[in-house]
Amino acid sequence: MEFWGNCLYPQVSCRIEGDVIGCSYCHCIRCRQFSAADHASNLRVDSQAITWQAGEPLVRCYKLSNQERCRNEFCSEVGFIFLAAGSLVHEISVVPSDHNCSASRASWSCFDHTLLRHDEYAG
Ligand SMILES: [Zn+2]
């Protein structure tokens, strides 16, 4: 599978070549703050599968020092966040399977009760 993501600033884009390992909604406070939304729609892919096609010098990475998995790569010109499901240019056939950190869900968040729910991060 190959798919692309790009910023609103068209000079920055990436390609992901490989399978999506998983897709889930995360309601933890970090994901809500990173995405400025009620939850993040997170894709899990092998980091080796990602190549920057354009604008890599403009890409910055923010990683919390005490968190192994929690990091964001974003365009320094626009602030656009890459590698979230919403950053992809093309529709993908992966459907979110579960809600992570549902115990942290904001009371005003929309919520699909048909998916598996985990109070904490379950991967
Ligand atoms: Zn999260």
If I ask for residues that are under 17 Å from VAL45 (Cβ atoms) and either touching an Asp or Glu at 6+ places or on another chain (Cβ under 9 Å) or surrounded by fewer than 10 Cβ atoms within 10 Å (Cβ to Cβ) (or both), which ones from the range 107-123 would you list? none
At least 2 residues that are of a type in the set (A, V, I, L, M) and within 16 Å of the ligand (Cβ to nearest atom) in each: list the strands (runs of 3 or more DSSP E) lying fully within the range 1-83 that qualify. 40-44
Can you name the residue in the range 84-109 that is among the hydrophobic types (A, V, I, L, M, F, W, C) and part of a loop (DSSP other than H, G, I, E, B) and is also farthest from ASP19 (Cα to Cα) among such residues? TRP108
Give me the residue from the range 84-123 that is closer than 14 Å to ASP38 by Cβ and among the polar types (S, T, N, Q) and, out of that set, nearest to the ligand (Cβ to nearest atom). ASN100
By residue number, the members of the range 22-73 that are among the acidic types (Asp, Glu) and surrounded by 15 or more Cβ atoms within 10 Å (Cβ to Cβ) are ASP38, GLU73
Could you list, in sequence order, all residues of the range 74-101 that are surrounded by 11 or more Cβ atoms within 10 Å (Cβ to Cβ), of a type in the set (Gly, Ala, Ser) and free of Cβ contacts under 8 Å to residues at least 40 places away in the same chain? SER76, GLY79
Selection status of ASP112, of a type in the set (Asp, Glu), modelled with pLDDT of 85 or more, within 23 Å of ILE29 (Cβ to Cβ) and part of a loop (DSSP other than H, G, I, E, B): no
Filter pass, SER104 being among the hydroxyl-bearing types (Ser, Thr, Tyr), in contact (Cβ under 8 Å) with a residue 40 or more places away in the chain and surrounded by 14 or more Cβ atoms within 10 Å (Cβ to Cβ): yes
Unique residue being in contact with a helix residue (DSSP H, G or I) (Cβ under 7 Å, 6 or more places away or on another chain) and either more than 20 Å from SER93 (Cβ to Cβ) or touching a residue at least 40 places away in the same chain (Cβ under 8 Å) (or both) when the list is GLY55, GLY22, GLY18, GLY5: GLY5
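The values are calculated or read from the model by the stated rules, or taken from the named source; none is laboratory data. On a predicted model such as this, the values are computed, not experimentally measured, just so you know. Neighbour counts run over all protein chains shown; Cβ positions are idealised from the backbone, glycine included.
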